[in-house]
Each structure stands twice: as structure tokens, then as C-alpha cells.
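The values are calculated or read from the model by the stated rules, or taken from the named source; none is laboratory data. All figures in this text were calculated on a predicted structure; none of them were measured in a lab. With ideal geometry, Cβ positions are generated from the backbone for all residues, glycine too; neighbour counts draw on all protein chains shown.
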Amino acid sequence: MPTPTSAPAVARASATTGYRDLLRSGEFAGLFAGFTLTAAATTLAGFALGTIVNEQTRSPFLTAVSMYGATFATVLGALTLMSVADGKRPRRTLVVLQLLSLAGVAVQAVPGLPLAFRFAALLVLGFFQSLGTGTRMGLLAEVVPDSAYALARSLMNITAGGTAILGYASGAVLLRFLTPQGVFVVAAALTALALAVVAATVREHSIRLTRRPGMRQTWTTNAALFADPGRRLLLLNLWVPNGLVVGCEALFISYDPGHAGTFLAAGAAGMLLGDLTVGRLLGAERRRRCAFALRLLLAVPYLLFALEPPVLLGVVAVFVAGAGFAATLPLQERLLELTPGPVRGQVQGVEAAGRMTWQGIGAAIAGGAAQYLGPGIAITAVAAVSVAVTLASAGAGTRQAKSQRV
């Protein structure tokens, strides 16, 4: 159930009408800038690591997993220490986690590291990133009023899309002049800048759990989260269709190494447009009504890859599909409505960790399929499974709604 909104929050809610109003808040601007820089660093680091693994192994499976392998470790954060996202000093927690992320990116810049060590470092980085995401989203829910939450998430998602476009394009350009290790150095510098911005702009918030965060508190909150059928279905729709389509994207390097950056940038551009349209131009009720169609749009265009389309047609299909990622906005908005205030950081962290974990699972499924079917057929098959999951979950939601009315 939603937490009562404080008087200052109500005042901010009435004043907040657009992205520019949100950015007038120095604290939100700091969170936003730190998020943007971290997203850019993650994009560059993933592209560099995928390039290294592809050059050394020529394995679609290992290349896909290397690009999204950090997401596997996010589930460990969700199951063990995610309650730190609702600790008494979230600013300090976020700064420490950002520092650990910096170390994880910087170590990848060391030349000659064995692939096994790179994958181990990737998993450690994913664990700390998942805790950082929960902490950041918990702070976001306190920095902006509930009425502006979808708008704030929309702006962050749009920025993630734009940053991914620039990141993949920049990564492709940088690799013409730098080694992959040099690209990791650039990613580490961006991570360090994000750390400095967060430390300088974000303040502490004291409206947090009174109980000590830890594994027991994490498990208690997670058990309550998954005990509710409505929230379980929301999480299913947030995680699985999205993750499977990211698996399709993870095959672009194997599918067409020369145009992989173009495909990835097209998907990010589509995501940017979708989030801008759904988050800025549609009201809450219209967003909710569009969620199912957007989840279908997310996967259906990828069915075209069974025909091995020309590059231009494939890029257009990926761009259109990218708009479907905007389905996360109404689902995240609904999840926030169903979450008590004192555990919002953990619940949003679990949602983000599960979504990222499913991205890793999707990459592994797609990469494994590509080993036997080839990248084009594997992309189509994984997209078809995403469509099937969306249709099945819609039926489950209808049955659940009928049972509640009875």
C-alpha cells in the first residue's frame, strides 16, 4: 500500500510538471547524473569485454554471456543483502558501492587477464551494482513525490537509451584507436566521475527501516513480496519478456560483427523514443492500458531475423522493438503503488536485480541456442518464447482479476 505523502512532497508534486522541473532539484540532478555516467561506463565496459571474448573464443555463447554476465550476480544481491538499500544511511551506502564498482571496472583494464578472472570480476561487479541500483531507486522514491515517480523513471530510462546509443557508437569508434583495455580505462574514468557527483550532491535520508539490514531482513521482505499473487505477476512481466529480448540483442556481435554497434544503437534509440512517448505524453491510466501491447512490440519484430533480412531492414526492426521496453514504466509504477514506503528501496532493488538477472539468463539461452541453430534462427526462437510468455501472463492476469471479483 502507498505510504502517505508528506506536505513538502505534496508541494513538490503540484509544482513538478515536466523533466525540467525535476532537474531543478539539485539532489535529483545528482542522482540522475550519477546514473547517466554509470550507464555510460557499463555500456562501454560491456562492449569492450564482448569484443575481447569474441576475438579470443569466437563463441556466440561466451560473447553473449560476457556482455551481460554481470547480471547473473544481481540475483545474489537480491537474495542476500538487498535490505541495505533501506538502511539508515543510504547516501553513504551508495558512495561505498559506487567505489567498489569503480574497482570492478578498473581491474578489467589490466592487460593479459585470463578470461576466467575477467568473468569472476564481472560477477563481483554485478553483485555490487545490484545493491547500488536498489539504494539509488530507494533514494529516488524519497527525492521525488509519488506523482512524479513515473516521470523520473521515464527520464532515467530515456537517458539510459540515449547513453547506450552514444556508448555503443563511441565504443565502436574508440576501438578503432584504442585497445579494449583502453576502453575499460575510459569506463573507469566515467565511473569515478559518477562517484564524485553522487558524493557532492546527494544527502542522507533518515526515513528508513528501524531494524538492522541483513540477510534475515532481506529474506523477510522478499517473502512478503513474492507471497502476493499480483506482485508476482508484475515481476514476471517485468523480468521474462524483457530478459529474453536482451538475449536477442546479445547475439548481435555474433550475428553481424561489422554492424553490431549499429544494431545495438538502434535498439537503444527505440527504447529512448518509447520511454519518451509513454512516460512524458501518456497519463497513468493510458500507460497501464498500453503495457500488454508494448510487451508484444518488444519481441514480435525480432521474428523477422529468421529470414536474415538486409541490414537496413534489420536495424528498423530492432528500432521498433526497442520502443517496447517502455512497458516497464507502467509496471514499475504499479509495483511502487503496492509497496510499503519503508521497503521501497529493497523491492525496487529486487525488481531491478531480477530484470537484470533475466537479461543474463536471456543472453545465456540465446547464446546456447546460437551454438546449434545459428544466430539468426536463435534470435527468432528466443523472441517467439518472449511472445508466448507475454500471452500466457496476460491470460493469468485475466483469471486472477476474475477470481478477485468473485
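The table below gives the values:
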{"item": "Condition check for residue 108: surrounded by 17 or more Cβ atoms within 10 Å (Cβ to Cβ), within 24 Å of residue 57 (Cβ to Cβ) and among the polar types (S, T, N, Q)", "result": "yes"}
{"item": "Index of the failed condition, residue 326 passing every other in (1) of a type in the set (Gly, Ala, Ser); (2) farther than 29 Å from residue 151 by Cα; (3) in contact (Cβ under 8 Å) with a residue 60 or more places away in the chain", "result": "(2)"}
{"item": "Qualifying residue in the stretch 169-181 (condition: among the aromatic types (Phe, Trp, Tyr) and crowded, with 19+ Cβ neighbours inside 10 Å)", "result": "no"}
{"item": "Residue count, the stretch 273-304 (criterion: among the hydrophobic types (A, V, I, L, M, F, W, C), over 20 Å from residue 391 (Cα atoms) and buried (at least 24 other Cβ atoms within 10 Å of the Cβ))", "result": "1"}
{"item": "Number of the condition not met by residue 111 [criteria: (1) more than 21 Å from residue 90 (Cα to Cα); (2) assigned to a helix (DSSP H, G or I); (3) touching a residue at least 12 places away in the same chain (Cβ under 8 Å); (4) over 16 Å from the mean Cα position of the chain (by Cα)]", "result": "(2)"}
{"item": "Any chance residue 376 is farther than 15 Å from residue 234 by Cβ, at pLDDT 75 or above and either touching a Cys at 6+ places or on another chain (Cβ under 9 Å) or assigned to a loop (DSSP other than H, G, I, E, B) (or both)", "result": "no"}
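Residue by residue, here is whether (1) hydrophobic (A, V, I, L, M, F, W, C); (2) modelled with pLDDT of 80 or more holds:
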{"position": "93", "(1), (2)": "no, yes"}
{"position": "108", "(1), (2)": "no, yes"}
{"position": "137", "(1), (2)": "yes, no"}
{"position": "162", "(1), (2)": "no, no"}
